[in-house]
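*Asks:* Before I ask anything, here is the structure I am working with.
The values are calculated or read from the model by the stated rules, or taken from the named source; none is laboratory data. Since this is a predicted model, take the numbers as computed values, not measurements. As a convention, Cβ positions derive from the backbone with ideal geometry for all residues, glycine included, and neighbour counts pool all protein chains shown. The area values use the complete protein model at the heavy-atom level, side chains included, leaving out ligands, DNA and RNA. Shrake-Rupley method; radii C 1.70, N 1.55, O 1.52, S 1.80 Å.
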2 protein chains.
Amino acid sequence: MIKVSITDDHYVVLKGIESLLKDEKHIRVISIHENGQDTLEAFEVEQPDILFLDINLPDINGIVLTKTITKSFPNVRVIALTNHEDVSFVKRILDNGAFGYLLKNAHKEELLQAIDTVSKGEKYLQKDIEKKILNQSLGRKEFSALQPKLTRRETEVLQAIYEQLTTQEISEKLFISPKTVEAHRMNIMSKLGAKNSVGIVKIAIQKQLL
Amino acid sequence: MIKVSITDDHYVVLKGIESLLKDEKHIRVISIHENGQDTLEAFEVEQPDILFLDINLPDINGIVLTKTITKSFPNVRVIALTNHEDVSFVKRILDNGAFGYLLKNAHKEELLQAIDTVSKGEKYLQKDIEKKILNQSLGRKEFSALQPKLTRRETEVLQAIYEQLTTQEISEKLFISPKTVEAHRMNIMSKLGAKNSVGIVKIAIQKQLL
DNA sequence: ATTTTTCTAAGGGTATTCCCTAAGTTTTCA
DNA sequence: TGAAAACTTAGGGAATACCCTTAGAAAAAT
């Protein structure tokens, strides 16, 4: 008997997965949750073998939550559920301890196969995503063409730029010199391949950094 | 007996709504579809009273599809399903003939109420969206707080800004003086309520002007 | 414990954007 | 056809962003 939990803020998704699984005798849905907090609290009492986890939750960032869960409850295997087909995104999630990755357009067979595969301790990726990863992994790696990694500070500056703050305002907000803010902005531009602040925001949105 | 169809490329959403409705005796789900094309073809044979339509479909833009359906099959009442909480978005959909608007985190009660309300011929909006629309509609109207209308030239400049071009480069691209470009940019900022070019792009993306 | 990365910040420019006012021309629409 | 809206241009100045280099201190990773 495989115990499954589901966390998704879209109620219909929650009920959809539940209804798809309820005919399976070897699978039991033990709990469903609409946010990260509830999920963590419920896990204090009983942990599932597998958690279907929506990455876009209202309260906690899904990637962070994945990390938390795999650390606090190592027996729980997380299968990420999203609409992002972005390969870099998949990578980040897997790096943070997820065992599988499913798009929300997955059909019943894929859902079941994901559960079976992951419960065996193997990683499960949806077919088309697997292909994409392979294709892109064959590109150059050193240039980090995929998901540019911003540092904590850079992320803060990025956020502030997005909020239309000026360098001066950002420096006051973060208690650092304007010159430092500029340095961060230059680094962000360089990492994202942007020509100016507009490009930073444009690309950051595209790459889901915001 | 109310006949319902569902169109959503996320299979779990499809099954979720279906399972939520299957206990209701006065409602019958007559068909489910994963894309716009299938939906239109199926409607040639039989039309539902109500269609739950995901606005983000792989093949056809949901807003356009709403328009098509309400024209070709005027008996079908469309309830839009999305994650967008953007008020301007809601307006656009309703303007194109939709009878209701639900976020995907809607619970069973809301789903049923939406069906009942819409089948009576009334419009149904989810509570929190209704509030937002009211709030924003009470603002100044002459300034077109909702969907700011940009002129043809302003749209071109907006596009160029989005492409990270400088004022100089834009002027060369459009064969106008840099000063004119600046004038347009100022007008765009004013219309969108942006503080700078970053804001222009940010808001333009939010309001789907790009 | 040591290397690497990140964070910090400065000087010294240049380029660009932002903001105001003003006004002639063209297009659109009632 | 006349009025309104949109498009065009401009001057001038303040503010901000961009770009380069350099470099010490702090934090993180190995």
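*Asks:* Of the residues B:53, B:103, only one is at pLDDT 85 or above, buried (at least 16 other Cβ atoms within 10 Å of the Cβ) and within 14 Å of another protein chain (Cβ to nearest Cβ); which?
*Replies:* Among B:53, B:103, only B:53 is at pLDDT 85 or above, buried (at least 16 other Cβ atoms within 10 Å of the Cβ) and within 14 Å of another protein chain (Cβ to nearest Cβ).
*Asks:* May I pose another question? Taking residue B:110 and the conditions (1) at pLDDT 85 or above; (2) in contact with a Lys or Arg (Cβ under 9 Å, 6 or more places away or on another chain); (3) within 16 Å of DNA strand D (Cβ to nearest atom), which numbered condition does it fall short on, given that it satisfies the others?
*Replies:* Unmet for residue B:110, out of (1) at pLDDT 85 or above; (2) in contact with a Lys or Arg (Cβ under 9 Å, 6 or more places away or on another chain); (3) within 16 Å of DNA strand D (Cβ to nearest atom): (3).
*Asks:* Only one of A:71, A:67, A:22 is more than 19 Å from residue B:106 (Cα to Cα) and over 20 Å from the mean Cα position of the chain (by Cα); which?
*Replies:* A:22
*Asks:* Would you confirm whether any residue within segment B:182-191 is facing chain A (nearest Cβ under 10 Å), surrounded by 18 or more Cβ atoms within 10 Å (Cβ to Cβ), under 26 Å from the mean Cα position of the chain (by Cα) and not small (Gly, Ala, Ser)?
*Replies:* no
*Asks:* Would you mention how many residues in segment A:192-210 are within 12 Å of chain B (Cβ to nearest Cβ) and more than 12 Å from DNA strand C (Cβ to nearest atom)?
*Replies:* Summing the residues that are within 12 Å of chain B (Cβ to nearest Cβ) and more than 12 Å from DNA strand C (Cβ to nearest atom) in segment A:192-210 gives 10.
*Asks:* Suppose we filter segment A:123-173 for residues that are at pLDDT below 80, among the aliphatic types (A, V, I, L, M) and open to solvent by less than 40 Å² (accessible area, probe 1.4 Å); how many remain?
*Replies:* 3
*Asks:* Could you list, in sequence order, the residues of segment A:9-31 that are more than 11 Å from chain B (Cβ to nearest Cβ) and in contact (Cβ under 8 Å) with a residue 24 or more places away in the chain?
*Replies:* Selection gives A:24, A:26, A:27, A:28, A:29, A:30, A:31.
*Asks:* Show the residue pairs that are 6+ apart or on different chains and have beta-carbon atoms under 6 Å apart, the first residue being within segment B:141-158 and closer than 18 Å to residue B:93 by Cβ and assigned to a helix (DSSP H, G or I), the second being near DNA strand D (Cβ under 8 Å from one of its atoms) and modelled with pLDDT under 70.
*Replies:* Going by the 6 Å Cβ cut-off, there are no qualifying pairs.
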